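Remarks on the structure that follows.
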Amino acid sequence: MNQPKLLALLAVALGALPIASSQADLDLTPRYATSDHPAQDDFQRLYFSNGDEEPVIIKPDHHTTVTGGSGETTLQFNNLQGASLLLRNSPLRPDLSFSEANLETYRATARQFAPQGQLKVVKESEEIDISLKNIWDASVFTTTYALPGSEVTQSVTFINYTPKQQIVLVLSAFSNEFEDAQSRMDQILRTWSSMSPERLRLPDDN
């Protein structure tokens, strides 16, 4: 299976999911801040608006293509075949705790992100109620699927971002490149931080 085919299967699957709530403070629509200084006319900083709080930034590397809109962002890792990371609001809410009573609801929701097609589950694993960046409560559901001619591994990470907002990160890659894709996702999460609106327009060496 080639890269466009995998991305198309993922697009069909994600298009059937509920639209992200417009009531969330963190809006995961990609936006860009630019500099007003003529010598820095090629400068762009990717950020997400965050209600009354400071904007949130991430720093994907130059091997990443960023697309998105309507409350979600997709990061396509160009030097991996078909690997991508989706950031969007979760269909669930943070008051649905990561407890045994709710695990099947989370499992079923994670399966909604699976690629479309003739799928066979090869392997599943779960990390329940873990801490990400020592900030967020999260749970991760990872599944490897057999498709005709290939295997795809996908992790769905539910993050309780605030008491009122849960976001979800969906990482998908061919199984032989999933560890590399996971490293790319981890690096992006390490760059996740807030920044003042004034600082957004200044390069990092200022």
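The values are calculated or read from the model by the stated rules, or taken from the named source; none is laboratory data. All figures in this text were calculated on a predicted structure; none of them were measured in a lab. Using ideal geometry, Cβ is built from the backbone for each residue, glycine included, and neighbour counts are taken over all protein chains shown.
Every condition in (1) modelled with pLDDT of 95 or more; (2) within 30 Å of residue 40 (Cβ to Cβ) is met by residue 200 except one, and the failing one is (1).
Residue-level analysis places residue 190 outside the set of residues that are under 21 Å from residue 64 (Cβ atoms), of a type in the set (D, E, K, R), surrounded by 16 or more Cβ atoms within 10 Å (Cβ to Cβ) and at pLDDT 95 or above.
Can you spot a residue in segment 173-183 that is closer than 19 Å to residue 82 by Cβ and part of a strand (DSSP E or B)? Yes, the conditions are met somewhere in segment 173-183.
Could you tell me how many of the residues in segment 135-165 are without any contact (Cβ under 8 Å) to a residue 40 or more places away in the chain and in contact with a helix residue (DSSP H, G or I) (Cβ under 6 Å, 6 or more places away or on another chain)? Number of matching residues: 4. Taken over segment 65-93, the criterion of being touching a residue at least 60 places away in the same chain (Cβ under 8 Å), under 24 Å from residue 138 (Cα atoms) and either touching a Lys or Arg at 6+ places or on another chain (Cβ under 7 Å) or hydrophobic (A, V, I, L, M, F, W, C) (or both) is satisfied by 75, 77, 83, 85, 86, 87, 92. For segment 125-133, the count of residues that are under 30 Å from residue 53 (Cβ atoms), at pLDDT below 95 and surrounded by 14 or more Cβ atoms within 10 Å (Cβ to Cβ) is at least one. For segment 175-195, taking the residues that are hydroxyl-bearing (Ser, Thr, Tyr) and in contact (Cβ under 8 Å) with a residue 24 or more places away in the chain, the one that is farthest from residue 156 (Cα to Cα) is identified as 194. Filtered by the rule that a residue be touching an Asp or Glu at 6+ places or on another chain (Cβ under 9 Å) and not in a loop (DSSP other than H, G, I, E, B), segment 47-69 gives 48, 50.
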